[in-house]
Amino acid sequence: MTHRTRRTAVHAALGTLLTLAAAALGGPAHAAVTAPAAATAYPRTTAASPGAATSDTVRYAYVKRCTENGTATPCGPWRLRMRSGRTVRLAEARVLARTAKGEKVRNRTAPFAISGDGTTVAYFREDGRLVVRKVAGGAPLVLAYTPPKGSGTDLVTLYLSNTGGRLAVEAGDDPERRPTVVYDTSTGAVALRLPGTLAFQGFGGDGESVLAAGSRGDRITRLVAFDAGGEPLLDIRPPQVVADNAPYALSPDGGTVAFVGGGGTDAALGLYDPRTGTLRRIPVRIPDDDLVDALGWSGETQVTVRLSRIAARSDAIRVLEVDTATGTARTRESYTIGDDVFGTTPDA
């Protein structure tokens, strides 16, 4: 049995507008989410700059849930939940996504991303400009990006690399017409435009390489990796056991593709070496009710896997760390998201 994931063959499934980011995972839409339980009040919220405490980092960002004419809607502003326990309002970040015509989408949050280490955030301002800023302070980087013709921010997804050095901007699920653009956030320059037909799958463990996929229908038929300069690292037609188990994660050296296959007692982290064609399995405990949201290399021999389980009034999140050298796995942390949160962008 193929384990369930939130990501389809080529694109992240956002479910009921639970917007997830790549955080500590280096991949699309992903990182560990945390929020207080429904019965627990949020800590005191401040409107200070995220950099008010320079040693503090973002654990997750969220938009609260309100009701408008009987329909659940996001109500701003975006809030950054820091690892210190503070909550900081980010008033300049756009809350509602916009269509290509500029109309507000009342039931969809605007794109938002957090780097894996929690030091960097990316979002659209109310003036429509895409910005990247360090949580520790300083002037934000304003990128020369506008959605492709016919697209609004309702179709855009943002992905930051682990340290925030790269930002991928994906516009819809038709890469041939709207190729993913990758920016170097130290300069604002375009580092890579993915070739048409290739969909972004995540940043490699080195924080600069990119893994992309080609598909036929809902089936992955090709995996391609590019280094920091845009040169191909690998170009393979993956075996079915790999193709059927997105999401994927590329190792820091670009030589191994990780994925999670199976479920329950048969679940395992798969490590596929395309150079030799060998596949190694490391058993992990993943209940059938858990969804694999994302995974990424968080060290030379460590893969982090984020799991979620949807309950009646909450979302339970668990973050696994798997040591590929020893074959051991441990739960790093667990969280619960209350039902008063509309959209969440987390850090693992």
Practice task
List every residue whose amide H lies under 5 Å from the amide H of residue 66, counting only residues 5 or more places away in sequence or on a different chain, with H placed 1.01 Å from N in the peptide plane.
Solution key: 73, 75
Completion exercise
Two pseudo-spin positions, 7 Å from Cα along C-beta at residue 332 and at residue 186, lie apart in nanometres by 2.4 nm
Exercise for the section: Once you have the Cα-Cα distance between residue 302 and residue 231, take 0.36 nm times their residue separation minus that, and quote the gain in nm to one decimal. Expected result: 23.0 nm
Exercise for the section: Treating cross-link reach as a plain straight distance, find the aspartates and glutamates whose alpha-carbon is under 17 Å from the alpha-carbon of residue 134, omitting any fewer than eight places away in the same chain. Expected result: 56, 92, 117, 184, 347
Exercise for the section: Pull out the extension gain between residue 87 and residue 144, defined as 0.36 nm times the separation in residues minus the alpha carbon to alpha carbon distance; nm, one decimal. Expected result: 17.5 nm
Problem - Viscosity 1.567 mPa s, temperature 4 °C, Stokes-Einstein D of segment 185-246 from Kirkwood C-alpha radius, µm²/s - result: 105 µm²/s
Exercise for the section: Place the peptides 273-280, 76-83, 294-301, 143-150 in order of packing, highest mean first, counting for every residue the other Cβ atoms within 10 Å and averaging per peptide. Expected result: 294-301, 76-83, 143-150, 273-280
Practice task
Set Lys and Arg Cβ to +1 and Asp and Glu Cβ to -1, take the dipole of segment 56-196 about its Cα centre, and tell me which of 99, 159, 84 lies farthest positive.
Solution key: 84
Practice task
Take the solvent-accessible surface of the protein heavy atoms, probe 1.4 Å, and return the percent of it on segment 56-196 that carbon and sulfur atoms account for.
Solution key: 45 percent
Exercise for the section: Using only the alpha carbon atoms of segment 159-203, find the Kirkwood hydrodynamic radius as the inverse mean reciprocal pair distance, in angstroms to one decimal. Expected result: 10.6 Å
Problem - Surface share of carbon and sulfur [accessible, 1.4 angstrom probe, percent] for segment 198-348 - result: 45 percent
Practice task
Return the distance in nm (one decimal) between the two label points of a simple spin-label model at residue 273 and residue 106, each offset 7 Å from Cα along Cα→Cβ.
Solution key: 5.7 nm
Fill in the blank from the handout: Over segment 56-196, with neighbouring protein chains present, the accessible area per residue in Å² at probe 1.4 Å is 41 Å²
Practice task
Taking a cut-off of 22 Å between Cα atoms, list the lysines near residue 104, but don't count ones fewer than 8 places away on the same chain.
Solution key: 64, 149
Problem - Backbone HN-Hα couplings from phi across segment 194-202 [Karplus 6.51/-1.76/1.60, Hz, Gly and Pro as x] - result: 5, x, x, 6, 9, 9, 4, 10, x
Fill in the blank from the handout: Taking 0.36 nm per residue of separation between residue 340 and residue 68 and subtracting their Cα-Cα distance, the length gained on full extension comes to 96.5 nm
Practice task
Could you do me a favour and compute the accessible area per residue for segment 238-347, 1.4 Å probe, result in Å²?
Solution key: 39 Å²
Fill in the blank from the handout: Given unit charges at Cβ for Lys, Arg (+) and Asp, Glu (-), the dipole magnitude of segment 56-196 about its Cα centre in debye, nearest 20, is 420 debye
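The values are calculated or read from the model by the stated rules, or taken from the named source; none is laboratory data. This one's a predicted model, so the numbers in the text were calculated from it and none came from an experiment. Here the Cβ is made from the backbone with ideal geometry for all residues, glycine too, and neighbour counts use every protein chain on show. To get the accessible areas, we keep the full protein, side chains included, count just its heavy atoms, and leave off ligands, DNA and RNA. Shrake-Rupley method; radii C 1.70, N 1.55, O 1.52, S 1.80 Å.
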